[in-house]
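> One structure, as structure tokens, below. Some questions next.
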Amino acid sequence: MTASLPAPRVVVLTGASSGIGRATARELAARGHTLVLAARRAAELDALARDLDPGGTRVLAVPTDVTQGASRRALIEAATARFGHIDVLVNNAGITVERGWWWDDPDPLRVLRVNLDAPIELTRLVLPAMRARRAGHIVNIASVAGLVATNGMYSASKFGLRGFSLALRRELLGTGVHVSVVSPGFVKSEMTASAGLPMPGPDVVARAVADVLERPRREVIVPRGYRAAVWFDRHVPALSDRLVRYGLIRRRYRHAKKT
């Protein structure tokens, strides 16, 4: 006799209009979950919602700027007003400094505002109701760059998000609220378009997110092969330095003649 899976849930998903977010929305919808999709690009968001739920009964699109407090509050209020409660928050929205070195960017701290501040603030908004119901799940999309440092601002944000997630999980032990962190390596998305590296599609991350809702886990690294990169960084850091410098930084930023 097989164990029954958890019932479909109301999931708030940020960064839903492209890449990992869009793939995750499709995977969660296919597994029967009710979705509240959040992103800044309203047209793409609405098109995805109509595609996933032509009848408009179980997918709600809410254009959202996660860096703005009023926009975050409006997202949570819209989700609660429509579906009564929120079972799951997936903090997926993320950015990086896409061109050049972060110190040459006019506003590198925007990476921290989107990747770290916003998940913390959204979590603060949903936790009181989850704790009162003694049920809920926070899933934060970090990165292998939060385990193996590769980029000042991006890694800072993802190390921070990972640390926040692991600590929050312990703070919430016994409350009925789960916390999981999913740490992807390079997968195909708008963010990684210029990386020049072989990589799988975002579906591998989408499946990992959907799976932790059914079988909660503290942390998942995907694709699995990136576990080796984490091991090397911890145990053979000098080799990891060379791999990051020659295999990633020079290919990612095309700075071979400047370093």
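The values are calculated or read from the model by the stated rules, or taken from the named source; none is laboratory data. Bear in mind that the values here come from a model prediction, so they are computed numbers and not experimental data. As a convention, Cβ positions derive from the backbone with ideal geometry for all residues, glycine included, and neighbour counts pool all protein chains shown. When the accessible area is computed, the model is the full protein with side chains, heavy atoms only, and any ligands, DNA or RNA have been set aside. Shrake-Rupley method; radii C 1.70, N 1.55, O 1.52, S 1.80 Å.
> I'm checking my understanding of the structure. Among residues of the range 167-220 that are open to solvent by 30 Å² or more (accessible area, probe 1.4 Å) and of a type in the set (Ser, Thr, Tyr), which one is modelled with the lowest pLDDT?
194
> Return only the number of the condition from (1) within 21 Å of residue 115 (Cα to Cα); (2) open to solvent by less than 50 Å² (accessible area, probe 1.4 Å); (3) in a helix (DSSP H, G or I) that residue 13 does not satisfy.
(3)
> Report yes if residue 65 is surrounded by fewer than 19 Cβ atoms within 10 Å (Cβ to Cβ), touching a Leu at 6+ places or on another chain (Cβ under 9 Å) and either touching a residue at least 24 places away in the same chain (Cβ under 8 Å) or of a type outside the set (S, T, N, Q) (or both), otherwise no. Write out each step before concluding.
Details: surrounded by fewer than 19 Cβ atoms within 10 Å (Cβ to Cβ): yes; touching a Leu at 6+ places or on another chain (Cβ under 9 Å): no; either touching a residue at least 24 places away in the same chain (Cβ under 8 Å) or of a type outside the set (S, T, N, Q) (or both): yes.
Taking the combined requirement at face value, the residue does not satisfy it.
> Tell me which residues, restricted to the range 153-166, are open to solvent by 10 Å² or more (accessible area, probe 1.4 Å) and closer than 23 Å to residue 231 by Cβ. Steps first, please.
Here is the first cut: in the range 153-166, the residues open to solvent by 10 Å² or more (accessible area, probe 1.4 Å) are 153-154, 156, 159-160, 162-164, 166.
Selection gives 154, 156, 159, 160, 162, 163, 166.
> Return the only residue of 39, 79 being open to solvent by less than 20 Å² (accessible area, probe 1.4 Å), touching a residue at least 40 places away in the same chain (Cβ under 8 Å) and farther than 13 Å from residue 122 by Cα. Quick ask: steps written out before the conclusion?
Numbers: 79 fails: farther than 13 Å from residue 122 by Cα.
Only one candidate passes the filter, namely 39.
Residue by residue, here is whether (1) touching a Leu at 6+ places or on another chain (Cβ under 9 Å); (2) within 27 Å of residue 214 (Cβ to Cβ) holds:
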{"site": "40", "(1), (2)": "no, no"}
{"site": "49", "(1), (2)": "yes, yes"}
{"site": "52", "(1), (2)": "yes, yes"}
{"site": "71", "(1), (2)": "no, no"}
{"site": "85", "(1), (2)": "no, yes"}
{"site": "101", "(1), (2)": "no, no"}
{"site": "105", "(1), (2)": "no, no"}
{"site": "109", "(1), (2)": "no, no"}
{"site": "122", "(1), (2)": "yes, yes"}
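> Sticking with this one: Of the residues 132, 149, 118, which is open to solvent by less than 30 Å² (accessible area, probe 1.4 Å) and either of a type outside the set (S, T, N, Q) or not in a helix (DSSP H, G or I) (or both)?
Details: 132 fails: open to solvent by less than 30 Å² (accessible area, probe 1.4 Å); 149 fails: open to solvent by less than 30 Å² (accessible area, probe 1.4 Å).
Step by step, each of 132, 149, 118 is checked, and only 118 is open to solvent by less than 30 Å² (accessible area, probe 1.4 Å) and either of a type outside the set (S, T, N, Q) or not in a helix (DSSP H, G or I) (or both).
> I'd like the residue in the range 64-97 that is of a type in the set (Gly, Ala, Ser) and part of a helix (DSSP H, G or I) and, out of all such residues, is nearest to residue 176 (Cα to Cα).
Restricting attention to the range 64-97, the residues satisfying the condition of being of a type in the set (Gly, Ala, Ser) are 69-71, 74, 78-79, 81, 84, 93-94.
Next, from what is left, pick out any that are part of a helix (DSSP H, G or I): 69-71, 74, 78-79, 81.
Working: 69: 27, 70: 28, 71: 28, 74: 25, 78: 24, 79: 21, 81: 23 Å.
By that ranking, first place goes to 79.
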